[in-house]
Amino acid sequence: MATDNPTDTTAGIENETPDIGEFDVTTLRNLESFDDAVALLTNTYGELQDATKVIGSGFSLTDTNGKYRLIGEPFVVIRMAFPQSTEHKDVDTGEWLHYAVLHIMTRDGRKLIITDGGVGIYRQCEEWAVRENRRGGLYVSGGLRVSEYDLPDGSGQGMTYYLAV
């Protein structure tokens, strides 16, 4: 039921959504493939909407190798934020650490989100944002660079990414 509460995101939804009924159990049970589901949904709702185009900002979180693919790749930082981590604490103070979240666009039009909490990208961006009192509008002509090093405990190699400046 809709409410007059301005923070209620369901307010008025029953008046905006056509009443098309729910799928019965037999129909759902008989779905055998992705194509069956697409056909059912297309017949019910019409053309399917691509979630990447209608939900969110259109930016995609970089995958595991996402930063590596940005080595030498020019991009612009559209916006940056520095949220507090809920997973990592400073070993000396016990305080929650912060990390950088960058919304970037590459020259070829990819809209990506980079996250970084280390001494590289995070520190560079935090220092720039404080000094310039800005949270976007940064052109990174050299893309990223990476520094590889042996981990102190001998368990392998680590990598730190930096803006290539």
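If only one of Y68, Y139 is touching a strand residue (DSSP E or B) at 6+ places or on another chain (Cβ under 6 Å), among the hydroxyl-bearing types (S, T, Y), over 30 Å from D35 (Cα atoms) and not assigned by TED's automatic domain parsing to the domain that holds A37, which one is it? Walk me through it before giving the result.
Details: Y68 fails: touching a strand residue (DSSP E or B) at 6+ places or on another chain (Cβ under 6 Å).
Checking each option against the conditions leaves just Y139.
For the structure I just gave you, tell me whether T17 is surrounded by fewer than 12 Cβ atoms within 10 Å (Cβ to Cβ), under 25 Å from the mean Cα position of the chain (by Cα) and modelled with pLDDT under 85.
Details: surrounded by fewer than 12 Cβ atoms within 10 Å (Cβ to Cβ): yes; under 25 Å from the mean Cα position of the chain (by Cα): no; modelled with pLDDT under 85: yes.
No; evaluated as a whole, the condition is false for this residue.
Among the residues of the stretch 94-115 satisfying the criterion of being in contact with a Phe, Trp or Tyr (Cβ under 9 Å, 6 or more places away or on another chain) and outside any strand (DSSP E or B), which is nearest to G142 (Cα to Cα)?
R107
Any residue at all in the stretch 88-99 that is under 16 Å from Y161 (Cα atoms) and modelled with pLDDT under 95? Talk me through it step by step, then tell me what you get.
If we filter the stretch 88-99 for residues that are under 16 Å from Y161 (Cα atoms), which is where we start, we get 99.
Retained after the next criterion (residues that are modelled with pLDDT under 95): 99.
Yes, there is a match, as at least one residue in the stretch 88-99 is under 16 Å from Y161 (Cα atoms) and modelled with pLDDT under 95.
Considering every residue within the stretch 90-106, establish whether at least one is farther than 26 Å from G158 by Cα and either assigned by TED's automatic domain parsing to the domain that holds S147 or touching a Lys or Arg at 6+ places or on another chain (Cβ under 6 Å) (or both). Outline the logic, then answer.
Going through the stretch 90-106, the residues farther than 26 Å from G158 by Cα turn out to be 105.
So of that shortlist, the ones also either assigned by TED's automatic domain parsing to the domain that holds S147 or touching a Lys or Arg at 6+ places or on another chain (Cβ under 6 Å) (or both) come out as 105.
Taking every residue of the stretch 90-106 in turn, at least one turns out to be farther than 26 Å from G158 by Cα and either assigned by TED's automatic domain parsing to the domain that holds S147 or touching a Lys or Arg at 6+ places or on another chain (Cβ under 6 Å) (or both).
Quick one: which helices (runs of 4 or more DSSP H) lie wholly within the stretch 22-93 and hold at least 2 residues that are surrounded by 10 or more Cβ atoms within 10 Å (Cβ to Cβ)?
Numbers: elements: 25-29, 34-45, 51-54.
Those helices (runs of 4 or more DSSP H) span 25-29, 34-45.
Please go through the stretch 143-165 and give me each residue that is surrounded by fewer than 15 Cβ atoms within 10 Å (Cβ to Cβ), among the small types (G, A, S) and assigned to a loop (DSSP other than H, G, I, E, B), ordered by number. Break it down into steps so the answer makes sense when it comes.
We begin by selecting, within the stretch 143-165, every residue surrounded by fewer than 15 Cβ atoms within 10 Å (Cβ to Cβ); these are 146-159, 165.
Filter once more, so that each one left must be among the small types (G, A, S): 147, 154-156, 158.
Scanning the stretch 143-165 gives G154, S155, G156.
Looking only at the stretch 113-139, which residues are β-branched (V, I, T), modelled with pLDDT of 95 or more and over 19 Å from the mean Cα position of the chain (by Cα)?
V130
The values are calculated or read from the model by the stated rules, or taken from the named source; none is laboratory data. Keep in mind that what you see is a predicted model, and the values were worked out from it rather than measured. Please note: Cβ atoms are built from the backbone with ideal geometry, for glycine as well, and neighbour counts cover all protein chains shown.
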